[in-house]
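For reference, the structure discussed in these notes is given below.
Read-outs throughout are calculated quantities, based only on the coordinates presented, and are distinct from any laboratory measurement. Just so we're clear, the structure is a prediction, and the values are computed from it rather than from any experiment. Neighbour counts are summed over all protein chains in view; Cβ atoms, including those assigned to glycine, are modelled from backbone coordinates with ideal geometry.
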Amino acid sequence: MKQILWFRRDLRIRDNKILEKASNEVMPIFIFDKNILEKLDIEDKRVTFIYDAVLALRKSLQSLGLDLYIFYDIPKNVFIELEKLGFDEVLCSSDFDSYAIKRDKQINEIIPLKRYLDSFLINPRKNLKKDGIPYKVFTPFYKSLSWLSSSDKIGEAQINQNQKLYKYENKTPSLEELGFKRADLPEFLKKTPEDRLNDFREKVEEYGKNRDIFYKDGTSNLGVDLRFGTLSPRMIFNEIKELNKKNSEIFIRQLFWREFYNYILFHFPKSENENWKNIEISWSEDEEDFQKWCEGKTGVPIIDAAMRHFNKTGMMHNRLRMIVSSFLCKNLLIDWKKGEQYFAKRLLDYDASSNIGSWQWAASTGADSVPYFRIFNPYLQSAKFDKEAIFIKSVIPELKDVDAKLIHVEGALKDKYISSIVNMKYSRDRAIRAFKEAKNAKV
């Protein structure tokens, strides 16, 4: 038996299903997919992160007596060549987005694929309601998985020692040969995945209190690791459960929101590009407003600080994501798909299902989304979660000497900052009216 071990969203050796299922002669590979990379900016931070993670994975595999052969090509071309070497099957982790499904179907016609659940805790094909249809609301979905969420530990995959490396001549492409420049990553991403997990272990007890405070390092910082599999969801679940600390369950619930959005996109794939609720809203086509939102020049301090920070780092606090998406979809009445696509190009921890699900939640068009009349007031949000404007002032230097109280009041800055492109009351009323008038709306 000769097997190809195709690493994708599982860039680690601990708790890796394909290393557990592999046996005999194996060829571990990673493919920098031209279909994906050719659409990205030359300084895309994600490529730098993935490149470094792939090299770290190769080093880990070498410690097991294996190796990692790295390709830069269209996957189909790679497997056409490898099929000539007499491989019997390809082992890989399951991937559920639309591109991955099409790609895997194509590869399966060249060499049979065996896929294993490794990027998520549950298989979205399973866990249906008693009537055989999928859940559409998070709370009953979560309750149906109480047997899993309440468990103390989820079994992790163990490495099968009965593996022998199939040797292959292969030159590892440099980052420059991939067509990219090395990007500067946030400091926490320069640590190892294990160190990031240990850092979160130290602060999980304060997670419930600090996760919404913009200027505090209160979130897990594990989104990128989950996206690219440098840590598995089972590993994170087990490490946090082991602590048995107050507020750990708050974080575990967030892990299951990630599961829910993957589950929804799997069962309702059209929601990738369409309103899940099938309502037709008369969105604004104001391109100037959209560009000002993108660039952080709306005149609303918390929106501008969030977007400027995002454009520079590729990172955004979860509550800030809710605030800026609500502002775009409700106050500016711009289609959520434009915001989702903008995030998709820049978000370091971009995951299609979570990003689409979160945007549809904010736009009141998705599964179990926020009611259409719930519209975040950015001034109230910044006053509550950045009272002294510490985060805002750290990003917008022209506000560093301004009284924080003025920053949280609409219209109070006058000549101290650019004017807001929209009035809160007017835009709120307009959004509510637009949703009430939407075709197929149930309000």
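Key figures
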| item | result |
| --- | --- |
| For the chain, with +1 on Lys and Arg beta carbons and -1 on Asp and Glu, the positive-most of I133, S420, P173 along the dipole | I133 |
| C-alpha center-to-center spacing [region 261-335, region 352-424] in angstrom | 12 |
| Between helix 233-243 and the chain: long-axis angle, C-alpha atoms, 0 to 90°, nearest 10 | 70 |
| Order of M315, M307, M1, M424 under a 10 Å beta carbon neighbour criterion, fewest first | M1, M424, M315, M307 |
| Antiparallel content of DSSP bridges confined to the chain, in %, to 5 | 5 |
| Sequence-distant residues sharing a close amide H with D118 (under 5 Å, placed H) | S94 |
| Subset of K241/K270; K143/K203; K136/K216; K181/K387; K143/K425; K136/K312 violating a 28 Å alpha-carbon distance limit | K241/K270; K136/K216; K181/K387; K143/K425; K136/K312 |
| Rounded Å value of the spacing that divides the Cα centres of region 141-212 and region 1-77 | 14 |
| Check: the chain dipole with +1 on Lys, Arg Cβ and -1 on Asp, Glu Cβ, in debye | 1140 |
| Rh (Kirkwood; distinct C-alpha pairs) - region 36-164, Å | 18.4 |
| Phi-based couplings in Hz for region 196-204 (Karplus 6.51, -1.76, 1.60; Gly and Pro marked x) | 5, 5, 5, 4, 5, 4, 6, 10, 5 |
| Cα gyration tensor shape for region 243-335, rounded if a/c is under 1.5, else prolate or oblate | oblate |
| Overall Cα dimensions of the chain - principal axes, largest extent first, Å | 71, 52, 45 |
| Kirkwood Rh (inverse of mean 1/r, distinct Cα pairs), region 287-437, angstrom | 15.5 |
| Fewest-first ranking of Y166, Y342, using other Cβ atoms within 10 Å as the exposure measure | Y342, Y166 |
| Eligible aspartates and glutamates near K277 by straight Cα distance, threshold 19 Å, same-chain separation 8 or greater | D335, E340, D368, E437 |
